[in-house]
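Just so it is clear, none of the values below were taken in a lab; they were calculated from the coordinates. If you're wondering where the values come from, they're calculated on a predicted model, not measured in any experiment. A quick note on method: Cβ atoms are made from the backbone with ideal geometry, for glycine too, and the neighbour counts reach across all protein chains shown.
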Amino acid sequence: MKSNLHSAAPGLLRRPVLLLLALLLPLLRAAAQAPGAQPEMAEALRQSGKIYVVVAVIAVVLIGLLLFLISLDRKLSRLEKEVADER
Amino acid sequence: MKNWWKVLTVVLLLYVAVAGLLMPVPRLAILNESIRNLYFHVPMWFGMTAILVASVYYSVRYLRTPTPELDIKAHEAARTGILMGCVGLATGSIWARYTWGAWWTNDPKLNGAAVAMLIYGAYLVLRSSFTDEQQRARVSAIYNVFAFAVAMPLFYILPRLTDSLHPGSGGNPAFAKYDLDSDMRLVFYPAVIGWTLLAFWVAQLATRISVLKLKVYEKQLA
């Protein structure tokens, strides 16, 4: 399991990035389109481009939390192995 | 690979965080951009329901064949479900403040959810009131089945029988009619799967810690 995690790490890192790019590139066009009249949305944020800052900050926070979960998971696996080996 | 679903959790949640904020959404008065809360508030309840189903499953299995592991699994799953429910109540309250104008309204959906959370809160209180482990495990497994049977109608059935502000209750058709003609499904479904998987991941980690603790304790006794 441990070796699995190690060997998979670079591939895993690349795949989400590619997936995100594939999903986000069409959005850039959608975000650039001119707003209609109708209810007020966060146009100002989008026009100045600052919404991406918020997205980046949230993504970093989420990545940090998920990395913590992953490391906790691996530490637990190691401890479980140790306890099992001692028997 | 054994942990493929954890990889999927990471990918889905990152996608939801980014696409949830950037994807186009319907332009609706009052809701405005807060419609994006759909990707974060609603999956809490989906995740909670899924993990509470898992908890009941382990409780029933415990009652059939009592082992400490099954008790731990049921308990940690229920705890994770309660956490998701509390986050769901808190996020819903914030959303209500800026769309309905109040942190809390005496709406059947809201009160039903609050009462259901209290019933699950009593599960934790009940558990902590036993000193004998087997008695604690057996009684709390029985109570868990009862809590689930009472909570689910409070969440999903009773609010539909009367008028409610909350989408998906009373005559309100949730967001089904809005996301049909938009890209919201593209984010909403991954969000539901991602947050549900996260709940299972957290519950699994908590379970493994408790099982480990139990094993170390048993070894000290031996």
Worksheet item: For region B:4-221, how many pairs of lysine residues have a Cα-Cα distance under 22 Å, where the two are 8 or more positions apart or belong to different chains?
Response: 5
Fill in: Helix B:133-152 vs. chain B, principal-axis angle (Cα, 0 to 90°, nearest 10)
20
Worksheet entry | log₁₀ of I(q)/I(0) at q = 0.28, 0.35 Å⁻¹ - region B:182-222, Debye sum with one point per alpha carbon | -0.85, -1.00
Worksheet item: Which FRET efficiency value, to the nearest 0.05, do you get for B:ALA90 and A:LEU76 by plugging their Cβ-Cβ distance into 1/(1 + (r/R0)^6) with R0 = 22 Å?
Response: 0.20
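Any idea what the alpha-carbon Rg over 2.2 N^0.38 Å comes to for region B:72-217? Spell out each step's value before the answer.
Numbers: Rg = 18.0 Å, N = 146, 2.2 N^0.38 = 14.6 Å.
Cα-based Rg divided by the globular estimate yields 1.23.
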Item to complete: Report, to the nearest 10°, how far helix B:4-22 tilts away from the longest principal axis of the Cα atoms in chain B, using its own Cα long axis and a range of 0 to 90°.
Response: 30
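In deg cm²/dmol, rounded to 500, what helix-only [θ] at 222 nm does chain B give when every DSSP H run of at least 4 residues adds -39500 (n - 2.57) and the total is split over its residues?
Numbers: 7 runs with 158 residues, N = 222.
After summing the helix terms and dividing by the residues of chain B, the value is -25000 deg cm²/dmol.
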Worksheet item: How far, in degrees from 0 to 90, does helix B:41-64 lean away from the longest principal axis of the Cα atoms of chain B, to the nearest 10?
Response: 20
